[in-house]
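> I'd like to ask some things about the structure below.
What follows is calculated from the coordinates using simple rules that are stated; it is not laboratory data. Nothing here was measured: the structure is a model prediction, and the numbers come from that model. Virtual Cβ from ideal backbone geometry, glycine too; neighbours counted across all protein chains shown.
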Amino acid sequence: MDASPASTAMAETIRQAAERLRHGGLVAFPTETVYGLGADATDDRAVAKIFKAKARPRFNPLIVHVLNQKAAAAIAEWTDLSEKLAAHFWPGPLTLILRRTPDCRISPLVSAGGTTVALRSPAHPLAGALLGMTDLPIAAPSANPAGKISPTTAAHVQAGLGDQVDMILDGGRCPVGVESTVLDLTADHPMLLRPGGLARADIEAVTGCKLSSDHQAETDTDNPIRSPGQLTSHYAPNRPVRLNAQDVASDEALLAFGPTPLQGAKITANLSKSGDLIEAAANLFAMMHQLDRPHVSGIAVMPIPAHGLGEAICDRLNRASSL
Ligand code: AMP
Ligand code: MG
């Protein structure tokens, strides 16, 4: 084992980073593609902080980083094809979209309320060490403010998100420098959602068939999902949703916000009694599921401020109400 002072110092830094992650903090870390903004993927509140830090106007689903196939199979329905692809390309720049297992521990916010999850095992020694040390799945989008260029050095992260993160692990320049290739394995046929660090032809050589592709998605590489609300894999409530409710009927469910919830609903869930938007985002999808019951006529939603994380919360509720 390398016991040089430099490696001992790095081991101590990784231990601290793991500790931050275990306590719900945000840690930026290098992968072979770009720097990721990481949080414990099983912690709703920590995941909500990612969206706040990036100021994402929408809850795009996030990629979950795992150490290996075993960790992946504990989260998602692991198929013959996913096993074959992972055996060839993991660790590496290939993200697989798979179905969540029924008892999946990953925060619903990571999946934008849907039934699928994006998994990848990064090929970078620091990312691997961090995953090994935390023994957690780590949700991490690229560590840049929404709409800005993905960071390939720690200095880029510092410039864009320095005041938002608890810690930045500096692993030098990312060797690949473009995002991972995103492959959806939940349809009948594997579909390329985002071209990236692994070439289509390399994947096709292993699958033995041509990949279908979402051409619209490929022209918008930062956001391959045209609209998460349009995908069947994303959560859409069965009951009608009514926004900005000033009153509530006795046969309605109420999604409340703030210290003074409306009275008289059949069932009520409060996104945040204290009016905290991070807490509200963390609770959003689980509470929508909880209220979306056959015995209620609809879901009334109290007004939610449109600033900060409120913008993404309102975006998701607007989609739900216009279905
Ligand atoms: P980034 O957030 O920059 O790391 O990009 C991650 C990409 O993976 C985004 O474009 C997401 O839309 C996509 N992605 C993550 N999870 C899923 C999922 N469950 N289904 C489809 N695409 C996903
Ligand atoms: Mg990005």
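> Taking the Cα centroid of the range 74-134 and of the range 14-66, what is the distance between the two, rounded to the nearest whole Å?
Result: 14 Å between the Cα centres.
> A follow-up question, please. Apply the membrane-span-like helix rule to the chain: whole DSSP H runs, Cα extent along the own long axis of at least 24 Å, mean Kyte-Doolittle hydropathy at least -0.5. List the helices found.
On the way: long enough: 5-22 (26 Å, -0.48).
What comes out of the filter, once short or polar helices are dropped, is 5-22.
> When the chain is treated as a GNM, springs tying every alpha-carbon pair under 10 Å, which of 71, 87, 312 comes out with the largest mean-square fluctuation?
Sorting by GNM fluctuation, first place goes to 87.
> Please report, in debye to the nearest 20, how large the charge dipole of the chain is about its Cα centre when each Lys and Arg carries +1 at its beta carbon and each Asp and Glu carries -1 there. Numbers along the way, then the final one.
Values: 28 positive and 32 negative charges, 86 e Å.
Charge dipole of the chain: 420 debye, to the nearest 20.
> Roughly how big is the range 51-177's charge dipole about its Cα centre, with Cβ charges of +1 (Lys, Arg) and -1 (Asp, Glu), in debye to the nearest 20? If you can, show how the numbers build up before the last one.
Numbers: 12 positive and 8 negative charges, 75 e Å.
Taking the Cα centre of the range 51-177 as origin, the dipole is about 360 debye.
> Pairs of Cα atoms under 8 Å, at least six residues apart: use those to get the relative contact order of the chain, whole percent. Kindly include the intermediate steps, with their values, before the conclusion.
On the way: 701 pairs, mean separation 65.5, N = 323.
Relative contact order of the chain: 20 percent.
> Which of 160, 264, 171 ends up with the largest GNM mean-square fluctuation for the chain, with Cα atoms connected below 10 Å?
Its mean-square fluctuation being the largest, the pick is 264.
> In whole Å, what are the extents of the chain along the principal axes defined by its C-alpha atoms, from largest to smallest?
66, 47, 33
> Still on this structure, I have one more. Over the range 82-217, what is the percentage of antiparallel beta bridges among all DSSP beta bridges, to the nearest 5? Don't skip to the answer; put the middle values down first.
Working: 7 of 13 bridges.
So the antiparallel bridges amount to about 55 percent of the total.
> Could you work out Rg/(2.2 N^0.38 Å) for the range 27-137, with Rg from alpha carbons only?
On the way: Rg = 13.1 Å, N = 111, 2.2 N^0.38 = 13.2 Å.
For the range 27-137, the normalised Cα radius of gyration is 1.00.
> In the Gaussian network model of the chain, springs joining C-alpha atoms below 10 Å, which of 135, 103, 170 carries the largest mean-square fluctuation?
103
> Under a cut-off of 27 Å between alpha-carbon atoms, report the lysines in cross-link reach of residue 54, not counting same-chain residues fewer than 8 places apart.
Excluding near neighbours in sequence, the set is 148, 273.
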